[in-house]
Amino acid sequence: MLRILIVDDEPLAHEVVITYINECPGLQLVGQCYSGTEALAFVKENPVDLIMLDIEMPVLTGFDFLSLLPEKPQVVITSAYQEYALEGFNMDVSDYLLKPFRFDRFKQAIDKVKQRIHQAKIKEPEVNDQAGNQNIFIKVDRKQVQINLAEISCFEAYGNYVKVWRDRQALLTPKTLTSFEQSLPPSQFVRVHKSAIVNYHMIDYVEGDSLKLTDGKMVAIGKQYKANLVLD
């Protein structure tokens, strides 16, 4: 199921996209926001696969909003202005829909998004399990570094990168947190926040909306992810 968030200050634009979503199986509308600030608060607490994003909005433009995202999902821009297209594609958006757009053009954009998600999964970090010893290969600078999963305390989103924390030090790799989440063993790692995955075995204690890892690192627990943290 492709989880979609609409971000547009025009109610009519929401109605058009919702109509198209209802015509496509496998799509789920998870939220509607009418400003970039509202959308930032939403994605902080809710998982989203695709954002249908307008550009000209009050306070924060669509591009301002994208630049503030700690982790960017797939994005399709929906704008009445063609002159923003080049900047949009420079920010690696999946597609650019010029308003008003028809259903067939919307469907084409959705197909592009699904293809990009599929390609990202193919490039997921490789997990190697030999003799019960699980290791992960991550790209650091120009090297592929192998790390034992048992040594990793936390994966933390950092813009278009992920910090992989080991021995109180972070390795920076150009991957998304979602790609790690989909490949890591769920019995060992749990996503506790939009921006964090932690090692169950390295949780020292949980208190309120945060937890402390055995390496001393404090991690916030997002409301949307509290149910993932089963400690019984």
Packing-based exposure ordering (other Cβ within 10 Å, fewest first) of ASP209, ASP9
ASP209, ASP9
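Sort SER153, SER187, SER210, SER179 so that the residue with the fewest other Cβ atoms within 10 Å of its own Cβ comes first and the one with the most comes last. It would help to have the intermediate numbers written out before the result.
Values: SER153 22, SER187 8, SER210 13, SER179 17.
Going from sparsest to densest Cβ surroundings: SER187, SER210, SER179, SER153.
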Mind listing the Cα extents of the chain along all three principal axes, in Å, largest one first?
55, 38, 31
Counting other Cβ atoms within 10 Å of each Cβ, which trypsin sites (Lys or Arg not before Pro) in region 146-232 have at most 14 and sit in a DSSP loop?
ARG168
Write down the Å³ per residue value for the convex hull defined by the alpha carbon atoms of region 186-232.
72 Å³
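How would you order 2-8, 19-25, 111-117 from highest to lowest mean count of nearby Cβ atoms within 10 Å?
Numbers: 2-8: 22.6, 19-25: 12.7, 111-117: 15.3.
Highest-to-lowest ranking by the protection proxy: 2-8, 111-117, 19-25.
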Note down the relative contact order for region 133-228 as a percent, whole number, built from C-alpha pairs under 8 angstrom at least six residues apart.
19 percent
Given H placed on each backbone N at 1.01 Å, which residues far from LEU2 in sequence or on other chains put an amide H within less than 5 Å of it?
LEU27, GLN28
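What is the order of TYR81, TYR158, TYR96, fewest Cβ neighbours within 10 Å to most?
On the way: TYR81 12, TYR158 15, TYR96 20.
By the 10 Å Cβ count, ascending: TYR81, TYR158, TYR96.
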What three numbers, in Å, describe the spread of the alpha carbons of region 62-123 along their principal axes, ordered from the longest?
34, 29, 15
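Compute the orientation-averaged projected area for region 2-122 from the convex hull of its Cα atoms and round it to one decimal in nm².
Numbers: hull surface 27.5 nm².
One quarter of the hull surface, i.e. the mean projection, equals 6.9 nm².
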Residue-averaged 222 nm ellipticity for the chain, from DSSP H runs of 4+ at -39500 (n - 2.57), nearest 500
-8000 deg cm²/dmol
Who wins for biggest fluctuation among LEU86, LEU213, LEU50 in a Gaussian network model of the chain, springs between alpha carbons below 10 Å?
LEU86
Straight-distance crosslink candidates among lysines, where the alpha carbon sits under 19 Å from LYS107 and sequence neighbours closer than 8 are dropped:
LYS99
Taking amide H positions as placed in the peptide plane 1.01 Å from N, state which residues far from LYS194 in sequence (5 or more) or on other chains have amide H under 5 Å from it.
GLY222
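Given the C-alpha atoms of region 133-228, compute the convex hull and give its volume per residue in Å³.
Values: hull volume 8.9 nm³, N = 96.
Spelled out: Cα convex hull of region 133-228, divided by residues, is 93 Å³.
Taking a threshold of 31 Å on the Cα-Cα distance, which of the pairs LYS114/LYS212; LYS112/LYS163; LYS163/LYS223; LYS114/LYS194; LYS112/LYS139 fall above it?
Working: LYS114/LYS212 36 Å; LYS112/LYS163 28 Å; LYS163/LYS223 22 Å; LYS114/LYS194 21 Å; LYS112/LYS139 26 Å.
Pairs exceeding the cut-off: LYS114/LYS212.
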HN-Hα J couplings of region 173-189 from phi, Karplus 6.51/-1.76/1.60, θ = phi - 60°, integer Hz, Gly and Pro as x?
10, x, 10, 9, 5, 4, 5, 5, 4, 6, 10, 7, x, x, 6, 10, 10
Counting only DSSP beta bridges with both partners in the chain, the antiparallel fraction in percent, to the nearest 5, comes to 65 percent
Hey, can you grab everything whose amide H is under 5 Å from the amide H of GLN134? Only 5+ residues off in sequence or another chain; H modelled, so Pro and N-termini drop out.
LEU149
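Rule-based calculations on the coordinates, nothing more; no lab input. The shown structure was predicted, so the numbers you read here are calculated from the model rather than taken from an experiment. Cβ: placed from backbone, ideal geometry, glycine included. Neighbour counts: every protein chain shown.
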